[in-house]
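Peer 1: I'd like to ask some things about the structure below.
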Amino acid sequence: MKSNMIKLLAVAVGIILCLAVVIAVIYPQHVTAAEPAELVQQAKDSLALGKYDDAAKLYRQAYDQGATGADMCYNIGTAYLRAGKLGQGVLFLERAAALEPDDPDVQANLAWAHENIRHTAATRESKEEATDGEGITLTGLVGRLSLNTWGLLFVGGFWALAAVLVLLLFSAREKRKVLSLITAGLFVWTGLFGGLFWLKTQEETPHRWGIVMSRVEAKEGPNERFETVFDVAEGVKVEIKDSIDDWSEVRLPNGLHGYVPSSQCKHI
């Protein structure tokens, strides 16, 4: 009897050990999953060794586990840029810029990325048409300053206009001509910068903008059967106008318009 009990106990222990091994093999992440802080440190170590692709993956794992914020997006974007992945790099740097628009490091890395994109920017089959799109556009003008700067220019003009209007009401007749000219100028200033400020607020609405992940052909319509109208380079920032099935309707900074696969265009 005692011998049988010992055998049963040995079998039970063996079964429990086998189950523990199976669970450890099937679900290793539950045992070995690293904390975000651990992953960040591993990413820094990889950067120091020049393993940029590994660093980007580790930062991304930490990001997916909830370690978000402007600094994390900056680190991920920078690691991707060093790993040669321009699309992913610009995507996360743009996310960092949305959180911290005036951060000089973010803006410097974005400027470097855009300089590299410029050499392979979207073009039409006709070189002449592509060249025409390289001039200064309203979108490009709006993008030169941050939302806060456009807002200060608008608010400053508004209060200056209010002050001059009060002076105009109570000033002597001989001074009214000069004040009227100043008022007219401030009206133009306030209207202009108010419009640019509004455009900037629209530009910084995250769901409206995306980054092209790899070079892709833009079509005339939302289907492969449509004619290719231009190519879009990896890392280009586009305005997402609409989504139809698995296609996104996009507009480029130079005004070109077409459809690209949604899988190739990630929202900021």
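The values are calculated or read from the model by the stated rules, or taken from the named source; none is laboratory data. The model shown is predicted, which means the values in this text are computed figures rather than measured ones. So basically every Cβ, Gly included, is an ideal-geometry build from the backbone, and we count neighbours across all protein chains shown.
Peer 1: Can you pull out the residues in the range 102-116 that are within 19 Å of Val238 (Cβ to Cβ) and under 15 Å from the mean Cα position of the chain (by Cα)?
Peer 2: Leu110, Ala111, Ala113, His114
One line per residue, one yes/no per condition, for (1) touching a residue at least 60 places away in the same chain (Cβ under 8 Å); (2) small (Gly, Ala, Ser); (3) over 30 Å from Trp159 (Cα atoms); (4) in the same structural domain as Ala162 (by TED's automatic domain parsing):
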{"position": "Gly195", "(1), (2), (3), (4)": "no, yes, no, yes"}
{"position": "Met213", "(1), (2), (3), (4)": "yes, no, yes, no"}
{"position": "Gly221", "(1), (2), (3), (4)": "no, yes, yes, no"}
{"position": "Ala233", "(1), (2), (3), (4)": "yes, yes, yes, no"}
{"position": "Lys241", "(1), (2), (3), (4)": "no, no, yes, no"}
{"position": "Ser248", "(1), (2), (3), (4)": "no, yes, yes, no"}
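Peer 1: Just name the residue that is modelled with the highest pLDDT out of those in the range 93-148 that are surrounded by 15 or more Cβ atoms within 10 Å (Cβ to Cβ) and touching a Ser or Thr at 6+ places or on another chain (Cβ under 7 Å).
Peer 2: Asn109
Peer 1: Is it the case that some residue within the range 71-86 is under 26 Å from Glu239 (Cβ atoms) and at pLDDT below 90?
Peer 2: no
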